[in-house]
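The values are calculated or read from the model by the stated rules, or taken from the named source; none is laboratory data. Predicted model only: the values in this text are computed from it and were never measured. Virtual Cβ from ideal backbone geometry, glycine too; neighbours counted across all protein chains shown.
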């Protein structure tokens with residue numbers, strides 16, 4: 001085996017065909033990190049002139065003239081091949097040490113244990129606990145949950161070999177009905193251009209303030225668009241509602257209900273149906289009033305409801321970021337966005353729709369349990385990744401950890 005630096009092109013070809021591939025390990029991400037003064041290196045292992053392992057290393061200068069090294073989503077190799085893993089890590093330690101690196105961070109895109117829709121471990125399913133043991137034996141340290149940079153638990157839905165009808169049928173009834181209602185009221189979903197990204201940013205900004213998380217800068221979304229959109233690897237969507245059309249449809253629906261009401265006879269057995277129709281008319285009147293109030297308040301006939309950002313890199317569609325205007329959440333437009341992208345994934349041969357992050361330990365019903373409940377309604381399964389690890393390279397690692405802890 002031979003450890004060596006490789007070209008970006010060599011890495012890209014290897015990445016394109018590797019099962020651990022994801023957007024975070026794409027060479028395009030290095031261009032994004034460069035904006036924040038990260039340098040990039042590509043290294044690998046060749047056996048009989050064939051590349052059998054590789055990683056993209058990002059490097060950033062920290063205190064005391066030493067560098068943090070980060071391998072986004074870990075190495076591209078067979079983690080079960082212990083001799084290869086051992087050799088690669090030992091060579092990486094030398095390589096990074098020679099470049100004044102004090103630590104290597106990795107967060108492999110590798111499932112720890114296979115889980116079902118409820119988060120329960122699947123008996124005789126995938127189990128990469130041995131990989132964790134191997135990493136720890138090589139000197140890696142497990143990073144605490146609160147210090148992780150990337151998503152550690154996800155929720156996914158397999159698309160391969162499935163039809164739209166089958167997936168729709170397997171959804172929770174409430175989710176399926178909500179999608180149909182969103183379609184019925186005439187919500188418009190459109191992919192936005194680079195020039196419209198400020199609209200998406202505004203939605204994310206409002207959501208971040210409401211939910212207490214830090215929004216990305218507009219420049220981040222713009223850079224991601226520049227890097228990935230030309231290859232259709234990122235798409236931004238905004239849902240909107242034409243209030244005038246919505247009100248007209250509601251008024252037509254009310255007229256139909258009123259006609260049915262007037263056609264009912266006075267017989268006692270019609271009382272139940274009459275009551276239901278009266279309740280439906282009352283509900284429609286309420287929605288008409290709400291829509292008219294929105295038009296008066298906003299002075300707009302068309303309003304934006306929500307926005308979403310998806311990464312589309314084979315084999316999966318990833319639901320990366322999203323936001324809603326709180327006052328319009330009742331229109332449930334995010335359900336429609338998910339359904340449209342699930343259909344897109346089926347049509348374009350993606351194997352998986354990855355709803356991405358959910359809270360850890362869902363069976364304890366944590367604070368953000370509603371995020372999991374929303375995604376669970378589409379059917380699928382929980383995915384737990386093996387986690388994030390740090391490999392100390394130089395003694396400064398411990399000093400810098402102490403400084404970081406004090407600052408925090």
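Every residue in the stretch 200-219 that is farther than 12 Å from residue 322 by Cα and surrounded by 15 or more Cβ atoms within 10 Å (Cβ to Cβ), please. Matches in the stretch 200-219: 218 only. Looking at 362, 371, 358, just one residue is crowded, with 18+ Cβ neighbours inside 10 Å, closer than 24 Å to residue 212 by Cβ and within 15 Å of the chain's Cα centre (by Cα), and that residue is 358.
Residue-by-condition table, conditions (1) surrounded by fewer than 14 Cβ atoms within 10 Å (Cβ to Cβ); (2) touching a strand residue (DSSP E or B) at 6+ places or on another chain (Cβ under 9 Å); (3) at pLDDT 95 or above:
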{"residue": "136", "(1), (2), (3)": "yes, yes, yes"}
{"residue": "156", "(1), (2), (3)": "no, yes, yes"}
{"residue": "160", "(1), (2), (3)": "yes, yes, yes"}
{"residue": "168", "(1), (2), (3)": "no, no, yes"}
{"residue": "171", "(1), (2), (3)": "no, no, yes"}
{"residue": "178", "(1), (2), (3)": "no, no, yes"}
{"residue": "182", "(1), (2), (3)": "no, yes, no"}
{"residue": "185", "(1), (2), (3)": "no, yes, no"}
{"residue": "189", "(1), (2), (3)": "no, yes, yes"}
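Of 161, 125, all but one fail to be in the same structural domain as residue 317 (by TED's automatic domain parsing) and in a loop (DSSP other than H, G, I, E, B); the exception is 161. Against the list (1) surrounded by 15 or more Cβ atoms within 10 Å (Cβ to Cβ); (2) assigned to a helix (DSSP H, G or I), the condition residue 390 fails is (2). Residue pairs whose Cβ atoms lie under 7 Å apart, sitting 6 or more positions apart in sequence or on different chains, and linking a residue in the stretch 66-84 that is farther than 16 Å from residue 111 by Cα to a partner that is part of a loop (DSSP other than H, G, I, E, B), are 66/100; 66/394; 67/99; 67/100; 68/62; 84/77; 84/78.
Answer yes if at least one residue in the stretch 226-241 is at pLDDT 95 or above and more than 23 Å from the chain's Cα centre (by Cα), and no otherwise. Within the stretch 226-241 (the criterion being at pLDDT 95 or above and more than 23 Å from the chain's Cα centre (by Cα)), the answer is yes, since at least one residue qualifies.
Looking across the stretch 80-101 at every residue that is touching a helix residue (DSSP H, G or I) at 6+ places or on another chain (Cβ under 7 Å) and assigned to a helix (DSSP H, G or I), the one that is surrounded by the fewest Cβ atoms within 10 Å (Cβ to Cβ) is identified as 82.
Residue-level analysis places residue 21 among those that are assigned to a loop (DSSP other than H, G, I, E, B) and in contact with a helix residue (DSSP H, G or I) (Cβ under 6 Å, 6 or more places away or on another chain).
Yes/no matrix, rows are residues, columns are (1) assigned by TED's automatic domain parsing to the domain that holds residue 235; (2) assigned to a strand (DSSP E or B); (3) free of Cβ contacts under 8 Å to residues at least 12 places away in the same chain; (4) under 26 Å from residue 199 (Cβ atoms):
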site	(1), (2), (3), (4)
312	yes, yes, no, yes
317	yes, yes, no, yes
328	yes, no, no, yes
335	yes, no, no, yes
338	yes, no, no, yes
345	yes, no, no, yes
355	yes, yes, no, yes
367	yes, no, yes, no
370	yes, no, yes, yes
